[in-house]
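Read-outs throughout are calculated quantities, based only on the coordinates presented, and are distinct from any laboratory measurement. Keep in mind that what you see is a predicted model, and the values were worked out from it rather than measured. Positions of Cβ are generated from backbone atoms using ideal geometry, with glycine treated the same way; all protein chains shown enter the neighbour counts.
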Amino acid sequence: MFVTCSAKCGRGTKRRVVECVNPSLNVTIASTECDQTKKPVEEIRCRTKHCPKWKATAWSSCSVTCGRGVRRRDVQCYRGRKNHVADSECNAKAKLHSVANCFPVACPAYKWNITPWSKCKDECARGQKQTRRVHCVSTSGKRAAPRMCDMSRAPISVRECDTSNCPYEWVPGDWQTCSKSCGEGVQTRDVRCRRKDNFNTTVPIIFMLEDEPAVPKEKCEMFPKPIESQVCELNPCDSEFKWSFGPWGECSKNCGQGIRRRRVKCVANDGRRVERVKCTTKKPRRTQYCFERNCLPSTCQELKSLSGKARDGNYTVLLDGFTIEVYCHQMNSTIPKAYLNVNPRTNFAEVYGKKLIYPHTCPFNGDRNDSCHCSDVGDASAGLTRFSKVRIDLLNRKFHLSDYTFAQREYGVHVPYGTAGDCYSMKECPQGQFSIDLKKAGLKLVDDLNWEDQGHRTSSRIDRYYNNAKVVGRCGGFCGKCVPEKYKGLIFEVNTRLLNHVKNGGSIDDELDDDGFSGDMDFDEDKRRY
C-alpha cells in the first residue's frame, strides 16, 4: 500500500513497493521474470491542505508626480485563495516588499535669473543706486514663484553705485597752531575739495591737467568729510620750559601748492631762549603746505585781472579741476564774455518752415521730405541757426541760449540754442530739430535736465548720447516747439565719465551707454556675481 504523502501541505507524492513474486512458492524473484508491461505504478501524486503563502495587492500610485518618491502595497498571508491566516504561518524570509522606490519623471530644476545692472550716470552722485530684476525660472525657461528657488542664495537686486571713479576727494591741510600756548586748546585745519592726483594723465583735447586743483566743495559732498578741528595741548601750563613760535610767513607760491615757514624755539618761563632738549613736548612744525588759489583762472574776467591780457582769443581755464578751452570775447570791456568752441555741423537749432496742406496727416512715415504737399507759410519764427561758438556762464555753468554773436543763420530768423519746433502737422509728426554736441569740449549736460513743450498739438523726442555729451531733439506741433526748462536753463558740467573712460584706454568717440550685452542671464551661484 502507499505510504503517507511526502508533503505536509500542498502537492507531494506517495510511494509503494512493487515486487515480482512466484505465487506458488510465495517468494520474491528477479523483476525481469515478470511482465514489465503489467507492472503496477510505484508512485502517485498526492495533495493535502493548501500551503500558506504571501499575497500582495497591486502597487499604489507614486507619492510624487516627478522626482524620487515611494509606492506601497499590502502583503498578507493566505491559505488558499480566500483563507486569510496569521502572518506567522508564512515564511517571514520570503515575504514580499510592501514599499518600493519610484521615479515617474525628472522634476524641472529651478535657478535664479538676473538682468544686467542699471547704469550709474554720475560717478560722484550722492546715494545713487543700481537695480536689476531677479526672478526664479525653470530649466525650460518659464518664470516660477520665488519659493521654488533657494531663497538663501537669492542674488541682490539693489546696490550702491561705485564712486571710486569719482575724480574728486577731500584733502585736509596741516593743523594750525593750538589756540592756547599751554593747557588744553583747539586747533583747526582747512579741508578742501580737490581733484585726485591720479587723474593727471595725458588725455586728448582738453584734459591738460594741473596738479590737484581745488574745486567747489559741492563736488565732494557725497564723501565723509575729515574733521576740521580737534583738541590740542601745546605745553603743560606748569612746565618750566615751553615752545614759542612766531607768525607764519608768506606762502612760497602765489598760486598752486607752496610752503610757508615760521620760527619755533624753546624758551623758559621768563622768555629766555634755551636748548631744545629742555622742551619735552612735541615740537610744533616749522613748515607747512599752503594754497592761495588755483594757478589757472576760472573765468575770462579772472584771466584778464591776473594776466592783464586784453586780446580776444582762445584761452585755457579751470572748470571743476579740469581744464577746458574757451574763447574770451570783448576782453577790453569790464566783463569779458566766454564762448565754447563747437562744431556748427552738430550744433544747430531749427524751427521748420513748411506746413502740410492736409495737417491731419503725417506723410513719409514722419520722415523729413521737402517735396511734401506743403505750403511755405508755416511757423512765423521758422529758421535754422548753426553755432560755431556758444556763450557760456562759467560761474553758474549755464548756456546763454540767445547769443548769436558767432552763429550763422541759414534761413529765416535766429533760433535759440537747444530749441526746435514747427507748424507742420496736427499729428505726432515733428520736423523741427536741434543738436547739442559737447563731446569734443569734454563737457556734458546735467542728467536731470528736461525740455518743455510749448504751443498746440505738441510732440517731441529727445535722444541723449555719450553720457549726455550729445543731445538731439525732434520737436513740433501745430504750432509747437520744445525749449530747455524755463527756470533751470541749459546746465553743463565736466564729463568725468568720458575722462575716466579715456584714462582707462578708451576712445573719446566710444558710446559710453553701451552695455556689451542685454537681456536676461543666468545667475552663477558659485561666483555670486553681485
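Sorted on the mean count of surrounding Cβ atoms within 10 Å across their residues, most packed first, peptides 8-16, 79-87 read 8-16, 79-87. Highest mean first, the peptides 427-435, 377-385 sorted by other C-beta atoms within 10 Å per residue fall in the order 427-435, 377-385. A Förster distance of 25 Å, applied to the separation of the beta-carbon atoms of Arg153 and Ala125, puts the FRET efficiency at 0.25. Computed from the C-beta positions of Trp248 and Arg192, the FRET efficiency with R₀ = 25 Å rounds to 0.90. Take 460-470, 321-331 and order them by the average number of nearby Cβ atoms within 10 Å per residue, most first; the result is 321-331, 460-470. Evaluated over the Cα positions of the chain, the convex hull gives a direction-averaged projected area, one quarter of its surface, of 65.0 nm². Projecting label points 7 angstrom from Cα along Cα→Cβ for Trp54 and Ser138 puts them 3.8 nm apart.
For the residue pairs Lys129/Lys337; Lys355/Lys470; Lys217/Lys488; Lys219/Lys337; Lys217/Lys439, alpha carbon separations beyond 27 Å are given by Lys129/Lys337; Lys355/Lys470.
Full extension of the chain between Val105 and Ser24 yields a length gain of 20.8 nm, computed as 0.36 nm times the residue separation minus the alpha carbon distance.
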